[in-house]
1. Which condition does Leu152 not pass, out of (1) surrounded by fewer than 17 Cβ atoms within 10 Å (Cβ to Cβ); (2) closer than 16 Å to Thr229 by Cβ; (3) in contact (Cβ under 8 Å) with a residue 24 or more places away in the chain, if it passes all the others?
2. Give region 45-86 a look and list any residue that's at pLDDT below 85 and under 27 Å from the mean Cα position of the chain (by Cα), or say none.
3. Give me the residue from region 8-44 that is of a type in the set (D, E, K, R) and under 22 Å from Thr244 (Cβ atoms) and, out of that set, nearest to the chain's Cα centre (by Cα).
4. Which residue pairs have Cβ atoms under 6 Å apart, sit 6 or more places apart or on different chains, and have a first residue in region 59-88 that is under 13 Å from Leu234 (Cα atoms) and a second that is surrounded by fewer than 18 Cβ atoms within 10 Å (Cβ to Cβ) and of a type in the set (Phe, Trp, Tyr)?
5. Kindly provide the set of residues from region 109-132 that are more than 22 Å from the chain's Cα centre (by Cα) and surrounded by fewer than 13 Cβ atoms within 10 Å (Cβ to Cβ), ordered by number.
6. Every residue in region 178-222 that is closer than 24 Å to Ala101 by Cβ, surrounded by fewer than 21 Cβ atoms within 10 Å (Cβ to Cβ), of a type in the set (Val, Ile, Thr) and within 20 Å of the chain's Cα centre (by Cα), please.
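The values are calculated or read from the model by the stated rules, or taken from the named source; none is laboratory data. Keep in mind that what you see is a predicted model, and the values were worked out from it rather than measured. When we count neighbours, we look across all protein chains shown, and the Cβ atoms used for this are built from the backbone with ideal geometry, even at glycine.
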Amino acid sequence: MATNDVRTERRRPLVHLGLIAFGVLMLYPLIWMVVSSVKPTPEIFRDPGLIPHRVTFENYPEGWTALPRDFGHYIVNSLIVVAGSVAGNLVACSLAAYAFARLRFRLRRFWFAVMLGTMMLPIHVVIVPQYVMFSQVGLVNSFWPLILPKLLATDGFFVFLMVQFIRGLPRELDDAARLDGCGHAGIFLRIVIPLAMPALATTAIFTFIWTWNDFFSQLIYLTDPDKYTVPVALRTFVDSTTETRWGPVFAMSVVALAPIFGFFLAGQRYLVRGIATTGLK
């Protein structure tokens, strides 16, 4: 045993060095983008190293005002879509998960299997019928096609995540709540929701990140430049001139990443707890 402990102690620095090297390798594109955002545009590809010869912050104000509307306008549009998507997923997916985990109804297992099957469908399969449907009701070129599906619990992954979490909660808590006069609404609001905060936080974080970075759906539904979100605006930024000013593009890319990092760091503790506890159940 002592020999094994000595070997483990000797290998630990090597393991740490390997993890650090792997982490730097994975972060290199992000670091390069941040460094490029403070380089003059001609030097970005002429000298692709991580140490700039001349540092300039002119790319940020130039990129902020390069499009017809300042970049803050597109950030607000993205925040509207993200807020609606997060709220929709939290409400709809938690209600659907409670129904699958606690209620008894006919064909429950069948509908649960159907819900799991929707996770295997790529977005390219459903985008055409969805577009036709929203076009017929006149909702194209608005934020509603990006938000309304979230209100209908269409993200099977989050429903499955919450179902697994709720199934791990003791049913004795439900029985005690019923003795106090609570129905399903009371049990859901007073028992399940407070105890399912890690799963709800995990859902909120992933919904925020996936919606903020979503380019395909937002490009399909949003045709008015005033309604563009951050990903679509960045793509327009690249196409706005014949010679792309990569410095401002990278600067606005850094600005676009800031909300993701902030939201992730704020909910990191709940995210780790939600994934860990759900995986153990």
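1. (2)
2. Selection gives nothing.
3. Looking at residues that are of a type in the set (D, E, K, R) and under 22 Å from Thr244 (Cβ atoms), I get Lys39.
4. Short answer, once both residue conditions are applied: Asp70/Trp64; Phe71/Trp64.
5. If the condition is that a residue be more than 22 Å from the chain's Cα centre (by Cα) and surrounded by fewer than 13 Cβ atoms within 10 Å (Cβ to Cβ), then Arg109, Phe110, Ala113, Val114, Val128, Pro129, Val132 are the ones that fit.
6. Ile205, the sole residue that qualifies.
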